[in-house]
Structures are given as structure tokens and as C-alpha cells.
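Undergrad: Next up is a structure, given as C-alpha cells.
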Amino acid sequence: MAREQLQVLNALDSAKTQLYHFTAIVIAGMGFFTDAYDLFAISLVTRLLGRIYYHKNGAPKPGTLPPGVASSVTGVALVGTLCGQLFFGWLGDKMGRKKVYGMTLALMVVCSLASGLSFGHEAKGVMATLCFFRFWLGFGIGGDYPLSATIMSEYANKKTRGAFIAAVFAMQGFGILASGVVSLIVSASFDHAFNAPSYASDPIGSTVPQADYVWRIILMFGAIPAALTYYWRMKMPETARYTALVAKNAKQAAQDMARVLQVEIDPEEQKVEKLTHDAGNSFGLFSKQFLRRHGLHLLGTTSTWFLLDIAFYSQNLFQKDVLTGIGWIPPTPTMSAIGEVYRVSKAQTLIALCSTVPGYWFTVALIDHMGRFKIQVMGFTFMTIFMFALAIPYHHWTLHQNRIGFVIMYSLTFFFANFGPNATTFVVPAEIFPARLRSTCHGISAAAGKAGAIVGAYGFLYASQSTNPKKTDAGYPTGIGIRYSLILLGVINFFGIIFTFLVPEPNGKSLEELSGENEETYEPASNITNRTVPV
């Protein structure tokens with residue numbers, strides 16, 4: 001039997017959309033803007049790093065990062081992010097969302113700046129420094145996932161909560177776009193100033209000494225948006241749900257939200273005391289009660305995010321084929337080092353504009369109308385279809401006259417990832433778990449996603465290598481080839497559809513209804529939520 005909702009939480013659930021909602025979206029969203037900028041900017045400069053630090057005299061092609069170094073430079077931030085999601089997710093439930101929020105942002109600012117610095121000028125010193133600081137940058141980024149999602153879910157009203165959380169996540173699209181735009185501006189400026197020849201005409205002169213500043217400026221720029229929002233993050237009050245239900249300070253929760261909502265709110269201290277001491281609201285993460293109540297939910301959120309990120313991050317495997325095939329990126333010997341950065345940045349910017357950013361905002365617009373379940377199943381379904389459509393007639397798509405169709409299919413997989421599980425896997429874990437475990441469970445779900453990203457980005461990097469030893473990338477062993485890799489990814493997306501059925505539909509319900517925190521007697525999950533299709 002449900003008890004009467006606390007007045008302060010009821011006021012939040014029923015509040016009209018107003019300025020503080022949009023302020024919270026911007027403040028939390030700028031963290032995700034920075035996250036995406038920092039994670040995706042590295043892919044724009046890895047070719048430049050290879051040219052600068054791994055040049056070989058007399059080689060027919062420019063220098064490239066060795067496989068081990070390339071994996072470390074691009075992957076160490078993902079490892080750091082996974083660790084940060086687990087640590088800061090747990091800390092957010094122990095210390096409060098606001099306190100930990102400031103820590104993650106400060107870490108991101110310092111490490112973004114430090115990523116552009118290096119000990120010495122030799123390849124080993126530069127790469128070791130870059131990897132060290134990008135690990136800690138990822139660690140700070142990891143904390144932003146559970147904290148931003150939890151804060152936004154606890155501030156939002158229940159009518160538009162999905163759109164608000166999705167809007168925070170959608171700032172990733174603008175971060176990806178910004179990384180491309182900044183790289184375009186920096187590379188175009190340096191290219192205009194130094195106008196280097198192509199590698200084919202002058203292997204040494206094609207990489208001017210000033211090119212070393214380009215990658216440093218691009219990476220360090222990520223500190224600016226994070227620094228600009230630090231003051232406003234510290235001005236945000238702690239969420240009422242944490243203050244009342246976890247910290248058990250009813251008076252402070254009422255005061256904070258009365259100031260935000262500009263209404264009078266009764267602290268209801270006795271009701272808070274009774275609620276927080278209820279046996280059903282005190283079990284821990286590793287208890288039988290949690291397993292019975294939320295075990296399948298956590299399995300659903302972790303598995304779907306894991307499977308989604310394998311597919312999402314592995315899509316970069318055939319990006320080079322697409323971009324080279326349509327002429328956006330010419331053969332490397334025909335470009336200078338800085339000119340290549342410009343071309344790669346231009347390609348990423350166009351992809352972000354055409355498919356990545358629109359997909360995110362389709363989710364924002366429709367999530368509270370369609371529901372999380374429908375959008376997630378739809379996204380996984382179309383990703384499965386497009387993966388098989390690319391894989392089965394793969395030879396057909398490799399023919400020059402069919403490259404435009406290949407680009408369209410490639411763009412649609414990105415679109416339906418973002419108008420689908422890439423957004424909903426972020427939203428749902430912030431809604432269905434109890435307040436005292438909400439940040440922790442979101443962090444666990446997000447960390448499972450990053451484990452999938454590591455599998456997708458690096459496991460499939462090796463798997464997708466040609467079966468012909470003469471056609472593999474330099475330094476890589478033979479694999480199963482792109483065609484069979486795409487078939488395997490289609491199967492992974494299909495399993496994403498199946499595991500989605502473990503996740504409840506949160507649309508239109510309060511956080512306390514979903515978690516069971518306002519129940520007089522704690523009942524099994526099947527009596528409280530619809531586990532599958534929304535009604």
C-alpha cells in the first residue's frame with residue numbers, strides 16, 4: 001500500500017516546467033558537452049601524433065602510431081571513465097550529489113590542460129604523459145555520468161523527466177560537434193600560416209615543427225567549458241531527494257526546494273523520519289531484498305548498455321572505409337600533417353551534423369510520448385537490420401558506385417543508436433533505483449557500458465582485420481574481416497532487444513513509485529512496476 005508522498009517531493013513531481021529546469025539542464029549538460037569533446041577530440045589528432053613522433057625516413061607513407069600505442073592513447077580514457085563511474089557513483093550516494101559533482105569537474109579541468117603538456121620531446125615521454133593524464137581525465141568524466149543523470153532525474157517533474165535527462169545526455173552531440181569545429185579552426189589557421197607541402201612531395205617538410213602545437217591546443221580547449229560551469233555547479237542546492245531520503249534532513253530539503261520553486265513547503269520531519277526508518281527503505285546493494293526487488297532491473301540496465309556500447313563504439317571500424325570511399329579523406333601521402341587534421345575534422349563535423357546530433361534530439365522530443373521501452377527496442381531493432389543489411393551484401397557496398405548507399409546506411413546506424421538505446425540506457429538507470437542507491441546503480445550500469453566500449457573499440461579492431469595477412473593494418477594479426485564482424489554486431493544488437501524486456505517502463509511515474517520507497521509494505525517488484533511493455 002502506497003503512503004502519502006512527501007510534500008517537497010510531490011511539489012517537484014508536479015512542478016510546471018520553469019527556468020530552474022533549463023538552468024539545471026545547461027549546468028549538467030555542459031559537463032556532458034565537455035565529456036564528449038574530450039573523448040572524441042583524441043580521434044582527430046591520433047594521425048597527427050603518428051606523423052610527428054613515429055616518422056620513418058624513406059617510408060612510402062607517413063608515420064602512424066603502433067597498435068599498442070594507438071590502443072593506449074585512445075583507450076586509456078575509456079578505462080579511466082569506467083573506474084570513475086564506479087567510484088564517483090558510489091561516492092555520490094555517500095557524500096551527496098553536489099559535493100562530488102565539484103570534484104569531477106575540477107579533475108576534468110586540470111587533466112584537460114595537462115593532456116596538452118608532456119615530459120620531454122621523445123615519443124615515449126610524450127605518449128606516457130598523454131596516457132597518464134587522459135586516464136585521470138577519463139576518471140573525472142566517469143563521475144559525470146551517474147551524477148548528472150541522478151541530479152537531473154531528482155530535479156525534474158515526472159511529466160517531462162525523460163526529456164530533461166535525455167537533454168543532458170544530448171549535449172554529448174554538441175560536444176562531438178564542437179571537437180570537430182575547434183579542430184577545423186585550429187588546423188585551418190595553422191595550415192594557412194605555414195602552408196606545408198604534401199608528404200609525397202616532401203616527407204620531412206609536410207610536418208612542420210609548429211604542428212606539435214595543434215594537437216596540444218585542441219586537447220587543452222576541453223578545459224574551457226568545464227571551467228565556465230564550475231561556479232554554477234557549486235551554486236546548485238543539493239537535490240531534495242538526497243537531502244530528505246538519504247541525509248534525512250527534512251528541514252533543509254524543504255528550504256532548498258522552497259527557494260527553487262518559490263513556494264511554501266512543510267518540512268514534514270516526522271513523516272521523513274518514519275519513511276527513512278522503514279525496513280523496506282534501508283536494505284543495501286548486496287542484500288537479498290535488493291536482489292529480489294531490483295536484481296533483474298540492474299541486469300537489464302547493465303546488459304543493454306554493455307551490448308549497445310559494443311555496437312556503438314565499433315562503428316568506427318569502417319568509418320575510414322566510408323570517408324575514404326566518398327573522397328572526404330584522400331590518401332594520406334597526398335596531404336600535409338596539418339591538412340590531414342583538417343580533413344578528418346571536417347568529416348567528423350559533417351557526420352555529427354547529419355546523424356549524431358539529430359538522433360539525440362529526436363529522443364528528447366519523443367521520449368515522454370513514446371516511452372523509454374519503445375524507443376530502446378526500436379533503436380536496437382533498426383541497428384540490427386542495418387548491420388545485417390551492410391554485412392550480408394558487403395561486397396556490393398565496397399564497389400565505388402555503391403558508396404553513397406553505404407554512407408546512408410552507416411549514418412542511419414548512428415541515428416538510430418542515438419534515437420534509441422544510446423540515450424535510453426542513460427536515462428532509465430537514473431529513474432528506477434532507490435535514492436540511496438541511485439547514483440551507485442547508475443554508475444554500475446554506465447561502467448558496464450564502458451566495458452562494452454572497450455570490447456567494441458579494441459576487440460573488434462583486431463577481429464575486423466582481413467583474413468589475408470597482406471591486407472591487415474600495419475602491426476595487426478589477421479582477423480575475421482569486416483563482413484563477419486558486422487554480422488556479429490547484428491547478433492549483439494538483437495540480444496539488446498531481448499535484454500530490454502528486463503527493464504521497467506518509468507514513463508509518467510514518480511521516482512518513489514518506481515523504486516517502491518513510498519510503499520507501506522515492501523512488495524516484490526512484480527506487484528509494483530510493469531517490467532516490460534508500457535501500458
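The values are calculated or read from the model by the stated rules, or taken from the named source; none is laboratory data. These figures come from a predicted structure and were not determined experimentally. Cβ: placed from backbone, ideal geometry, glycine included. Neighbour counts: every protein chain shown. Side chains included, ligands, DNA and RNA excluded: accessible areas come from the protein's heavy atoms. Shrake-Rupley method; radii C 1.70, N 1.55, O 1.52, S 1.80 Å.
Undergrad: So which residues in segment 328-357 are over 18 Å from Val208 (Cβ atoms) and open to solvent by 40 Å² or more (accessible area, probe 1.4 Å)?
TA: Hits for segment 328-357 are Trp328, Pro331, Lys346, Leu350, Leu353, Cys354.
Undergrad: Something else: Any chance you could count how many residues in segment 1-38 are modelled with pLDDT under 85 and aliphatic (A, V, I, L, M)?
TA: Adding up the residues that qualify gives 9.
Undergrad: Would it be correct to say that Thr64 is open to solvent by 10 Å² or more (accessible area, probe 1.4 Å), farther than 24 Å from Tyr145 by Cα, touching a residue at least 12 places away in the same chain (Cβ under 8 Å) and not in a loop (DSSP other than H, G, I, E, B)?
TA: No; evaluated as a whole, the condition is false for this residue.
Undergrad: Report whether or not Leu49 is of a type outside the set (D, E, K, R), in a helix (DSSP H, G or I), under 18 Å from Gly125 (Cα atoms) and open to solvent by less than 50 Å² (accessible area, probe 1.4 Å).
TA: yes
Undergrad: Next question. Take the residues of segment 495-505 that are under 21 Å from the mean Cα position of the chain (by Cα) and either charged (D, E, K, R) or in a helix (DSSP H, G or I) (or both): which is farthest from Phe460 (Cα to Cα)?
TA: Within segment 495-505, the match that is farthest from Phe460 (Cα to Cα) is Thr500.
Undergrad: A further question on this structure: Go through Met234, Met220, Met257 for me and flag whichever is closer than 30 Å to Ala41 by Cα, modelled with pLDDT under 85 and not aromatic (Phe, Trp, Tyr).
TA: Met234
Undergrad: Taking the residues in segment 399-425 that are in a helix (DSSP H, G or I) and open to solvent by 50 Å² or more (accessible area, probe 1.4 Å) as candidates, determine which candidate is modelled with the highest pLDDT.
TA: Checked segment 399-425; the qualifying residue modelled with the highest pLDDT is Leu412.
Undergrad: Does Ser206 satisfy being farther than 30 Å from Pro429 by Cα and in contact with a Phe, Trp or Tyr (Cβ under 6 Å, 6 or more places away or on another chain)?
TA: Judged against the criteria, Ser206 is a match.
Undergrad: Kindly evaluate Ser118 against the criterion of being assigned to a loop (DSSP other than H, G, I, E, B) and either without any contact (Cβ under 8 Å) to a residue 40 or more places away in the chain or not aliphatic (A, V, I, L, M) (or both).
TA: yes
Undergrad: Cβ-Cβ under 6 Å, sequence separation 6+ or interchain: first residue in segment 332-349 and β-branched (Val, Ile, Thr), partner buried (at least 20 other Cβ atoms within 10 Å of the Cβ) and modelled with pLDDT under 90. Which pairs?
TA: Matching pairs, first to second residue: Val344/Leu44.
Undergrad: Moving on. Residue check: is Leu82 open to solvent by 20 Å² or more (accessible area, probe 1.4 Å), in contact (Cβ under 8 Å) with a residue 12 or more places away in the chain and either within 15 Å of the chain's Cα centre (by Cα) or closer than 21 Å to Thr243 by Cβ (or both)?
TA: When the stated conditions are applied, Leu82 passes them.
Undergrad: Assuming Ser43 fulfils every condition listed in (1) closer than 15 Å to Gln172 by Cβ; (2) modelled with pLDDT of 90 or more; (3) surrounded by fewer than 22 Cβ atoms within 10 Å (Cβ to Cβ); (4) not charged (D, E, K, R) apart from one, which condition is it?
TA: (2)
Undergrad: Now a separate question. Does at least one position in segment 449-462 carry a residue that is open to solvent by less than 30 Å² (accessible area, probe 1.4 Å), assigned to a helix (DSSP H, G or I) and charged (D, E, K, R)?
TA: Within segment 449-462, one or more residues are open to solvent by less than 30 Å² (accessible area, probe 1.4 Å), assigned to a helix (DSSP H, G or I) and charged (D, E, K, R).
Undergrad: While we're on this one: What about Val428, is it open to solvent by less than 10 Å² (accessible area, probe 1.4 Å) and in a helix (DSSP H, G or I)?
TA: Spelling it out, Val428 is indeed open to solvent by less than 10 Å² (accessible area, probe 1.4 Å) and in a helix (DSSP H, G or I).
Undergrad: Something else about it: Yes or no: segment 306-327 includes at least one residue that is of a type in the set (D, E, K, R) and modelled with pLDDT of 85 or more.
TA: yes
Undergrad: What's the total number of residues in segment 120-143 that are open to solvent by less than 40 Å² (accessible area, probe 1.4 Å) and of a type outside the set (S, T, N, Q)?
TA: The total comes to 14.
Undergrad: Here is a further query. Restricting attention to segment 211-268, which residues are closer than 20 Å to Leu137 by Cβ and either among the polar types (S, T, N, Q) or open to solvent by 40 Å² or more (accessible area, probe 1.4 Å) (or both)?
TA: Once the filter is applied, which keeps residues that are closer than 20 Å to Leu137 by Cβ and either among the polar types (S, T, N, Q) or open to solvent by 40 Å² or more (accessible area, probe 1.4 Å) (or both), segment 211-268 yields Tyr213, Ile217, Met220, Phe221, Ile224, Ala227, Leu228, Thr229, Tyr230.
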